[in-house]
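See structure below.
The values are calculated or read from the model by the stated rules, or taken from the named source; none is laboratory data. Computed from a predicted model, the values in this text were never measured in an experiment. A quick note on method: Cβ atoms are made from the backbone with ideal geometry, for glycine too, and the neighbour counts reach across all protein chains shown. Remember, those area values only see protein heavy atoms, side chains included, never the ligands or the DNA or RNA. Shrake-Rupley method; radii C 1.70, N 1.55, O 1.52, S 1.80 Å.
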Amino acid sequence: MKRDLKKLVLGTLAVSMVYSGAAVCQAEAVAQDDDIVDVVVTAERMPSSRMSTPADVTVITAQQIEDNRYSDVAEALTHVNGVVVTNGNANGDQEVVINGDQRVVVLIDGQRLNNDQGSMTRASVSLGMIPSVKNIERIEVVKGAGSALYGSDAVGGVVNIITKKGSKAETTLDMNIGSFGSHNLELANQGSEGDWSWFVTAGLQERDYFKYRGNNGESVRRENSGYNKKSLSLRLDKRFTDSDSLRLMFTHRQTDMGIQEDALLRHQDHNYNYGSITYNFKEDQPVSGFLRYAANYKSTDYKGKYDTHTNSLEYQNGWQLGNHKIVAGGEWRKSSSTNKQSGYEGKDITTYAMFVQDTIRLDDQWTFVPGLRMDHHDAFGTHWSPKAALNYQPTKQTRLYASWGKVFKAPTADDMFYIDNAYFMRGNPNLKPESGHVETVGVTHEFSEKAVLDVNYFWSDIDDAIKWVYDPATWWTDAKNVSNEKKQGINISLNGALSDRWSYEAGYSYISSKTDDKTVLYYEPNGYRLGIHYNCDRWKANLLGRFGSGLDDTAYGRNHYAIWDFNTSYAATENLDIYFKINNITNQVYYLVPKSTWSNQFDPLQGRTFMVGATLKF
């Protein structure tokens, strides 16, 4: 199949070049719906303009995903200022970190993907479970406290992946080949018939191995680093009237990945399945509502099988009363987790919650947003999460915002029940929930339609923070509540356009993290982001940079890194694009997880990679 796909890609490229001819740059700007960028729904669980929303919100549009040739959600998020995506053991879980915090809620169309089984970190969801970017309308990244609306885990922020509703009849075939025997094939189909619409994707991704640059400068092949990934997604919509509709969602992702370079050549196999059915109502009103049932199943086989499945019910309603926009609702969720080889089986966790939030338009300049959520956990009782946020917009081009919110994260099943006698790791059933508060203050100013600056400062204070602590005297690593965890930092972003052909974004983030007043080593104490984009008639080109400095070289092998990526595409015909992509241009050595305390070794990430491909629409 690899040879057939390679022939197909190369043949398509050859044919496209014959028809391309010499393109003359007309400097045509790509049209983009302003509502996609300017209206967000995640921060307040209802549509609101970004300039009137008292939060630090970043939007990645479908157009940006396509133009930058992002392969998956993790790659797209990696280029957001203040965001890091880790990938332990090279093929490990893709965990998103916002403002230095792994406690992040990830949603698809507002439905929670986080699970109650957890992991050995504070993250409880892997971006690897998301099957495709072809069906994504936009990704909203909201930094800061989100527990008042989304409950446990929403400490660092919330990522909401909003999918496309099928419209015009169209099929898209994307195929590419690249370094290390990689090849990818993805098919998407969308359409509508009467009151029905659909959007379907299916994909296959494979890689044989990867290489990285060793400390001596030589290229080193990492054994057992291949993968095989298969995916499927479906969104089916039924429109009843202008005010109500039904949406069915299903996603499936199956992965087989080499995970350890040792004599056993262990693999990690994942099977993710997520489905939901949502009834939407009051869609023709300023504040809509919905009723949703969802089921989420995750199974992993790595040194034994462990799994978790979750069923949930969620209801939300909303009202506009004068200058008040009110959202209120409730949730019920029950999960069951099993990890037989690590000491537990059929551990059930049941939670329910109620929330209310009022967005009050005090006048043309001031918006005040108070909110309150109550979560009840069957093991840890009731937790209250209030919030208050204020937005001041003295002019159309300027806003100042501030927010305060209580946050918490309940211990996961692994935190409480995990035990591994071979690797001396054990959970603690007597753990307390993590709780605290997060604050953000910031300012946004639009110098023009082509230059927008955002600067914000955040800080958090978490009591009873849970850490897996290694004791060299006993060799055991135990889950413990530490006394206090504090983080603070700044985010500075500047986005704009130099002309119709050239645009850019630049960002800087600083994060300081301490536990019990002791500095915690972090992947990116100083983070930098740079994107330069060129769009001219049929040609598009993008140079993307992400850099880190101030790292502890003992833990991360070096104190800085600089990763440059480049891609370019050419529209050979109206329905055919060809593209070329190179990641890690300078073949940089870098690590996003610290050296293992067990093996005393680093887990390297892949070096320079090439990809060439074509996208055909018909």
(request) Could you please give the count of residues in segment 596-611 that are crowded, with 16+ Cβ neighbours inside 10 Å and either over 22 Å from Gly226 (Cα atoms) or of a type outside the set (Gly, Ala, Ser) (or both)? (result) 8
(request) Determine which single condition Asn184 fails, assuming it passes every other condition in (1) closer than 24 Å to His252 by Cβ; (2) crowded, with 21+ Cβ neighbours inside 10 Å. (result) (2)
(request) Of the conditions (1) part of a loop (DSSP other than H, G, I, E, B); (2) free of Cβ contacts under 8 Å to residues at least 40 places away in the same chain; (3) of a type outside the set (Ser, Thr, Tyr), Arg122 clears all except one; give me its number. (result) (2)
(message) Just to be sure I understand the filter: pairs with C-beta atoms under 7 Å, separated by 6 or more residues or on different chains, first member in segment 246-272 and hydroxyl-bearing (Ser, Thr, Tyr), second member in a loop (DSSP other than H, G, I, E, B). Which pairs pass?
(response) Thr251/Pro131
(message) Can you say whether Leu543 is under 24 Å from Asp471 (Cα atoms) and either open to solvent by less than 30 Å² (accessible area, probe 1.4 Å) or free of Cβ contacts under 8 Å to residues at least 60 places away in the same chain (or both), as far as the supplied structure shows?
(response) no
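With more than 21 Å from Ile259 (Cβ to Cβ) and out of contact with any His (no Cβ under 7 Å at 6 or more places or on another chain) as the only criterion, which of Thr609, Thr615 stands out?
Numbers: Thr609 fails: more than 21 Å from Ile259 (Cβ to Cβ).
The match here is Thr615.
For segment 116-154, which positions are β-branched (Val, Ile, Thr), under 22 Å from Trp459 (Cβ atoms) and open to solvent by 10 Å² or more (accessible area, probe 1.4 Å)?
Within segment 116-154, the first condition is being β-branched (Val, Ile, Thr), and the residues that meet it are 121, 125, 130, 133, 136, 139, 141-142.
Filter again for under 22 Å from Trp459 (Cβ atoms), leaving 121, 141-142.
Scanning segment 116-154 gives Thr121, Val142.
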(message) Given the options Gly550, Gly531, Gly527, Gly496, name the one that is free of Cβ contacts under 8 Å to residues at least 60 places away in the same chain and under 24 Å from the mean Cα position of the chain (by Cα).
(response) Gly496
(message) Go through (1) closer than 30 Å to Asp478 by Cβ; (2) open to solvent by 70 Å² or more (accessible area, probe 1.4 Å); (3) part of a strand (DSSP E or B); (4) touching a residue at least 24 places away in the same chain (Cβ under 8 Å) for Phe408 and report which single condition fails.
(response) (2)
(message) Exactly one condition in (1) open to solvent by 10 Å² or more (accessible area, probe 1.4 Å); (2) in contact (Cβ under 8 Å) with a residue 24 or more places away in the chain; (3) among the polar types (S, T, N, Q) is false for Ser197; which is it?
(response) (1)
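Show me the strands (runs of 3 or more DSSP E) entirely contained within segment 246-344 in which 3 or more residues are of a type outside the set (Phe, Trp, Tyr), in contact with an Asp or Glu (Cβ under 7 Å, 6 or more places away or on another chain) and under 27 Å from Arg373 (Cα atoms). Explain how you work it out, then say what you get.
Working: elements: 267-281, 289-301, 305-321, 324-339.
Here the list reads 305-321, 324-339.
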(request) Identify all residues within segment 91-115 that are hydrophobic (A, V, I, L, M, F, W, C), closer than 20 Å to Lys514 by Cβ and touching a Ser or Thr at 6+ places or on another chain (Cβ under 7 Å); write none if there are none. (result) Val97
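Give Ala451, Ala497, Ala479 a once-over and let me know the one that is open to solvent by less than 40 Å² (accessible area, probe 1.4 Å), at pLDDT 90 or above, aliphatic (A, V, I, L, M) and touching a helix residue (DSSP H, G or I) at 6+ places or on another chain (Cβ under 9 Å). Outline the logic, then answer.
Values: Ala451 fails: touching a helix residue (DSSP H, G or I) at 6+ places or on another chain (Cβ under 9 Å); Ala497 fails: touching a helix residue (DSSP H, G or I) at 6+ places or on another chain (Cβ under 9 Å).
Answer to the selection: Ala479.
Considering each of Asn224, Asn216, Asn160 in turn, give the residue that is out of contact with any Pro (no Cβ under 6 Å at 6 or more places or on another chain) and part of a strand (DSSP E or B). Working first, answer last.
Numbers: Asn224 fails: part of a strand (DSSP E or B); Asn216 fails: part of a strand (DSSP E or B).
Exactly one residue qualifies, and that residue is Asn160.
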(request) Output the residues belonging to segment 284-313 that are open to solvent by 70 Å² or more (accessible area, probe 1.4 Å) and on the phi > 0 side of the Ramachandran plot. (result) Lys303
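Identify, from the list Ala413, Ala422, the residue that is of a type outside the set (Phe, Trp, Tyr) and without any contact (Cβ under 8 Å) to a residue 40 or more places away in the chain. It would help to see each step written out before you state the result.
Details: Ala413 fails: without any contact (Cβ under 8 Å) to a residue 40 or more places away in the chain.
Residue meeting the stated conditions: Ala422.
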(request) Take the residues in segment 41-59 that are surrounded by fewer than 24 Cβ atoms within 10 Å (Cβ to Cβ) and closer than 22 Å to Lys134 by Cβ, then tell me which one is nearest to the chain's Cα centre (by Cα). (result) Val59
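If a residue must be open to solvent by 10 Å² or more (accessible area, probe 1.4 Å) and either at pLDDT 90 or above or among the aliphatic types (A, V, I, L, M) (or both), how many such residues does segment 415-426 contain? Spell out the reasoning first.
First pass over segment 415-426, keeping only residues open to solvent by 10 Å² or more (accessible area, probe 1.4 Å): 416-426.
From what's left, either at pLDDT 90 or above or among the aliphatic types (A, V, I, L, M) (or both): 416-419, 422, 425-426.
Qualifying residue count, segment 415-426: 7.
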(message) Consider segment 93-107. How many of its residues are under 19 Å from Tyr70 (Cα atoms) and either over 12 Å from the mean Cα position of the chain (by Cα) or open to solvent by 10 Å² or more (accessible area, probe 1.4 Å) (or both)?
(response) 3
(request) Could you check Gln205 against (1) over 17 Å from Thr609 (Cβ atoms); (2) buried (at least 17 other Cβ atoms within 10 Å of the Cβ); (3) out of contact with any helix residue (DSSP H, G or I) (no Cβ under 9 Å at 6 or more places or on another chain) and say which number it fails? (result) (1)
(request) Output the qualifying pairs, or none if there are none: Cβ atoms under 9 angstrom, residues six or more apart or on different chains, first residue in segment 277-293 and over 17 Å from Ala328 (Cβ atoms), second residue part of a loop (DSSP other than H, G, I, E, B) and open to solvent by 50 Å² or more (accessible area, probe 1.4 Å). (result) Glu283/Thr241; Glu283/Asp242; Asp284/Thr241; Asp284/Asp242
(message) So, in segment 454-476, exactly how many residues are open to solvent by 50 Å² or more (accessible area, probe 1.4 Å) and either in contact with a helix residue (DSSP H, G or I) (Cβ under 8 Å, 6 or more places away or on another chain) or polar (S, T, N, Q) (or both)?
(response) 1
(request) Give just the number: which of (1) open to solvent by 30 Å² or more (accessible area, probe 1.4 Å); (2) in contact with a Leu (Cβ under 6 Å, 6 or more places away or on another chain); (3) closer than 19 Å to Ile65 by Cα does Gly531 not satisfy? (result) (1)
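Open to solvent by 60 Å² or more (accessible area, probe 1.4 Å), at negative phi and hydrophobic (A, V, I, L, M, F, W, C) - does that describe any residue in segment 351-359? I'd like the intermediate steps shown before the answer.
Restricting attention to segment 351-359, the residues satisfying the condition of being open to solvent by 60 Å² or more (accessible area, probe 1.4 Å) are 352, 354, 356.
So of that shortlist, the ones also at negative phi come out as 352, 354, 356.
Imposing the further condition that a residue be hydrophobic (A, V, I, L, M, F, W, C) reduces the set to 354, 356.
Within segment 351-359, one or more residues are open to solvent by 60 Å² or more (accessible area, probe 1.4 Å), at negative phi and hydrophobic (A, V, I, L, M, F, W, C).
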(request) Identify all residues within segment 230-267 that are under 20 Å from the mean Cα position of the chain (by Cα), open to solvent by 50 Å² or more (accessible area, probe 1.4 Å) and closer than 30 Å to Phe602 by Cα; write none if there are none. (result) Lys230, Gln254
(request) Any chance you could count how many residues in segment 573-587 are in contact (Cβ under 8 Å) with a residue 40 or more places away in the chain and open to solvent by 40 Å² or more (accessible area, probe 1.4 Å)? (result) 2
(message) All but one of (1) within 23 Å of Arg122 (Cα to Cα); (2) open to solvent by 50 Å² or more (accessible area, probe 1.4 Å) hold for Leu551; state the number of the condition that does not hold.
(response) (2)
(message) Can you confirm whether Leu362 is hydrophobic (A, V, I, L, M, F, W, C) and more than 28 Å from His445 (Cα to Cα)?
(response) no
